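J.: What follows is a structure written as structure tokens; I'll ask about it next.
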Amino acid sequence: MNRRETGARYEEEAVRVLYARGYRILERNFRCRFGEIDIVARHKGLLVFVEVKYRRDSRRGFPEEAVDRRKQAAIRKTAEVYMHRYGYDWWAGCRFDVVSIMGEEIRVIEDAFRAE
């Protein structure tokens, strides 16, 4: 399986887990010139931007560690474009979550980083 197929497989797993937790999936793989957001959803009254990260094991670190400051900045900018494009107000409330998948363990990290 190549990286794209692996990513798609684990994004599908993330969608199933999020759906089971009450997330309403609005969009997948939203792209603009600043980057991509894996999943856009609504949860507990907030617009949620979700990054999915997978690692087979911890040799290269934990999956969520890959969502560094640079990646967070790209996700924030992409979220701003999404909100502007679809008429959401920035101050109306959004959250940035990470779905961390290592092996068979899936963790949802709500409010993983701030909009700043």
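J.: Can you work out which of the residues in the stretch 16-33 that are more than 11 Å from the chain's Cα centre (by Cα), of a type outside the set (S, T, Y) and in a helix (DSSP H, G or I) is surrounded by the most Cβ atoms within 10 Å (Cβ to Cβ)?
T.: Going through the qualifying residues, I end up with V17.
J.: Sticking with this one: With respect to A79, determine if the residue is surrounded by 12 or more Cβ atoms within 10 Å (Cβ to Cβ), of a type in the set (G, A, S) and over 15 Å from E27 (Cα atoms).
T.: So A79 fails the test.
J.: Let me ask another. Exactly one condition in (1) within 11 Å of the chain's Cα centre (by Cα); (2) in contact (Cβ under 8 Å) with a residue 24 or more places away in the chain; (3) assigned to a strand (DSSP E or B) is false for A41; which is it?
T.: Of everything listed in (1) within 11 Å of the chain's Cα centre (by Cα); (2) in contact (Cβ under 8 Å) with a residue 24 or more places away in the chain; (3) assigned to a strand (DSSP E or B), A41 misses just condition (2).
J.: Looking at E13, E36, can you tell me which residue is touching a residue at least 60 places away in the same chain (Cβ under 8 Å), within 23 Å of R107 (Cβ to Cβ), surrounded by fewer than 18 Cβ atoms within 10 Å (Cβ to Cβ) and touching a strand residue (DSSP E or B) at 6+ places or on another chain (Cβ under 8 Å)?
T.: When all the criteria are applied, what remains is E13.
J.: Please find, among R95, R107, the residue that is in contact with a Leu (Cβ under 6 Å, 6 or more places away or on another chain), within 25 Å of A20 (Cα to Cα) and either free of Cβ contacts under 8 Å to residues at least 40 places away in the same chain or not in a helix (DSSP H, G or I) (or both).
T.: So the residue among R95, R107 that is in contact with a Leu (Cβ under 6 Å, 6 or more places away or on another chain), within 25 Å of A20 (Cα to Cα) and either free of Cβ contacts under 8 Å to residues at least 40 places away in the same chain or not in a helix (DSSP H, G or I) (or both) is R95.
J.: Tell me, please, whether a residue that is hydrophobic (A, V, I, L, M, F, W, C), out of contact with any helix residue (DSSP H, G or I) (no Cβ under 6 Å at 6 or more places or on another chain) and more than 20 Å from I101 (Cβ to Cβ) can be found in the stretch 19-41.
T.: yes
J.: Taking the condition part of a helix (DSSP H, G or I), more than 16 Å from R95 (Cα to Cα) and without any contact (Cβ under 8 Å) to a residue 60 or more places away in the chain, does R59 pass?
T.: Yes.
Each reported figure results from applying straightforward, stated rules to the coordinates on display, with no laboratory input. Everything numeric in this text was worked out from a predicted model, so none of it was measured. All Cβ positions, even for glycine, are placed from backbone atoms using ideal geometry, and neighbour counts span all protein chains on display.
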